[in-house]
1. Which of the trypsin sites (Lys or Arg not before Pro) found in segment A:1-85 are loop residues per DSSP with 14 or fewer other Cβ atoms within 10 Å of their Cβ?
2. Can you give the direction-averaged projected area of the convex hull of the alpha-carbon atoms in segment A:78-153, in nm²?
3. Pull up the cross-link candidates among the lysines for A:K131, meaning alpha carbon to alpha carbon under 18 Å and not fewer than 8 places away within one chain.
4. With a 10 Å cut-off between alpha carbons and a GNM built on chain B, which of B:T26, B:T118, B:T36 moves the most?
5. Starting from the residue with the highest accessible area, list B:H27, A:H135 in decreasing order, probe 1.4 Å.
6. Give the average over all directions of the projected area of the C-alpha convex hull of segment B:7-144, one decimal, in nm².
7. Averaging over every viewing direction, what projected area does the convex hull of the Cα atoms of segment A:45-118 cover, in nm²?
8. What fraction of the DSSP beta bridges in the protein assembly as shown is antiparallel, stated in percent and rounded to the nearest 5?
2 protein chains.
Amino acid sequence: MPDDFDPTIFKPGQLLARGVCRHLLTHDFVSVEELTPERGLRVDVMALGRKQEVWVVECKSSRADFQSDHKWQNYLPYCDRFFWAVDEDFPVELLPEETGLIIADAYDAEIVRMSPETKLAAPRRKVMVAKFARHAALRAHAARDPGITSFSL
Amino acid sequence: MPDDFDPTIFKPGQLLARGVCRHLLTHDFVSVEELTPERGLRVDVMALGRKQEVWVVECKSSRADFQSDHKWQNYLPYCDRFFWAVDEDFPVELLPEETGLIIADAYDAEIVRMSPETKLAAPRRKVMVAKFARHAALRAHAARDPGITSFSL
């Protein structure tokens, strides 16, 4: 069913991101992976809703992966809602309660705890939607024309 | 040089769009193809600049292709600048003077006449950037995960 999908070429966090992005479509959110909101920060998944809502999802494949992340609070100013995505065996009691929680595998995911909302100010939202647009367009462009010189956002 | 590019699988207009999108990168514009600004309209190329400028490029492979296009003026309300892209053999005297002109092939392009600017109102710009973002993200998503169910914007 998952055509020629080869999970061995993905890192564990990328497998979670794959399921997360699929699931977010069912909430009418489109997603990109590995977006840089500012120099030195890179979010695993950034999603954009119909009303320009911005969600960030950090994908953690293990306790060690979570505990080594000292940057996640820096992502909060760039989104309306923040989620963790973990697999079903992850010790979810480690995760801060005031964040959203998504249980994922490579094929799908489910939001099991909605994140509280902290609305972006309008100017920041405008900047983030534009960053999202440029990031997504470059990825789509590279996919349809691998001959383009890659350049960063 | 153009790796495994096979021009025979593209329509003539798509070959022009390919060169156009490459060239627009050098102006720091990212591009998507075949975006629907509203039901019944589909632009060949929509490009987005650093300051959220929106450009539309219609790609015409022949005189007949141009003369059968009765919709192009409907695209003007969705962009700051409007361009035609044609190949070097196209009879450019057919094209309206108050539009931009790009000479293109499948590998590159050049803006030979800048379009006059008719600035979008802020609310329309916001809508177009969001449409661009969703369109681009869905295309990028389908490229990295062909297993997603396709759905239209």
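The values are calculated or read from the model by the stated rules, or taken from the named source; none is laboratory data. Worth saying up front: this structure is predicted, and the values here are computed from it rather than measured. Methodologically, a virtual Cβ is constructed for each residue, glycine included, from the backbone with ideal geometry; neighbour enumeration extends over all protein chains shown. Quick note on the areas: whole protein, heavy atoms, side chains included, nothing else; ligands and nucleic acids left out. Shrake-Rupley method; radii C 1.70, N 1.55, O 1.52, S 1.80 Å.
1. Numbers: sites: A:R18, A:R22, A:R39, A:R42, A:R50, A:K51, A:K60, A:R63, A:K71, A:R81; in loops: A:R39, A:R42, A:R50, A:K51, A:K71.
Sparse-neighbourhood loop trypsin sites (Lys or Arg not before Pro): A:R39, A:R42, A:R50, A:K51, A:K71.
2. Details: hull surface 28.4 nm².
Here the figure is 7.1 nm², rounded to one decimal.
3. A:K51, A:K119, B:K51, B:K126, B:K131
4. In the Gaussian network model the winner is B:T26.
5. I get B:H27, A:H135, largest accessible area first.
6. Mean projected area of the Cα convex hull: 8.4 nm².
7. Working: hull surface 19.8 nm².
Dividing the Cα hull surface by four gives the mean projection, 5.0 nm².
8. Here the antiparallel bridges make up roughly 60 percent for the protein assembly as shown.
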